[in-house]
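Presented below is the structure to which this report refers.
The values are calculated or read from the model by the stated rules, or taken from the named source; none is laboratory data. Keep in mind the model is a prediction, meaning the values are calculated, not measured. All Cβ positions, glycine included, derive from the backbone under ideal geometry; neighbour counts span all protein chains shown. Each accessible area value is taken on the protein alone, full model and side chains, heavy atoms only, with ligands, DNA and RNA left out. Shrake-Rupley method; radii C 1.70, N 1.55, O 1.52, S 1.80 Å.
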Amino acid sequence: MYSQNVFERLAEYKAETPALPAIQSIVAEWQEYISENFYPCSDAMLMYLGELYQTDERFVEYINRFATWNVAEFFGEAIKVYCCNR
């Protein structure tokens, strides 16, 4: 499952900043994946999704299954960095 792979890859960056280029590359891949498989994912939509990943307990619980720390919060922050720097 692609999403599981993304969250597991993000979990490897626990000690890093969300602005790290490798993490930003994962965010870009995620936006492209959503656009290709579900609906057009503009930067505004991606920013909204990032907020959901941090605040909606369903997303938080699902994403955090793939790490031993709050990777959902981290992913949301990485998405903010990505969208604000474009």
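The table that follows gives values for the structure above.
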{"item": "Neighbours by Cβ (under 6 Å, 6+ apart or cross-chain): first from the stretch 66-85, under 12 Å from residue 24 (Cβ atoms); second at pLDDT 95 or above and open to solvent by 40 Å² or more (accessible area, probe 1.4 Å)", "result": "81/19; 83/43; 83/47"}
{"item": "Selection within the stretch 30-66 - open to solvent by 80 Å² or more (accessible area, probe 1.4 Å) and farther than 16 Å from residue 84 by Cβ", "result": "32, 36, 37, 38, 39, 40, 55, 57, 58, 61, 65"}
{"item": "Filter result for residue 16 (part of a loop (DSSP other than H, G, I, E, B) and surrounded by 13 or more Cβ atoms within 10 Å (Cβ to Cβ))", "result": "yes"}
{"item": "Given (1) touching a helix residue (DSSP H, G or I) at 6+ places or on another chain (Cβ under 9 Å); (2) modelled with pLDDT of 95 or more; (3) in a helix (DSSP H, G or I), number of the condition residue 32 does not satisfy", "result": "(1)"}
{"item": "Yes/no for residue 3 being part of a helix (DSSP H, G or I) and modelled with pLDDT of 95 or more", "result": "no"}
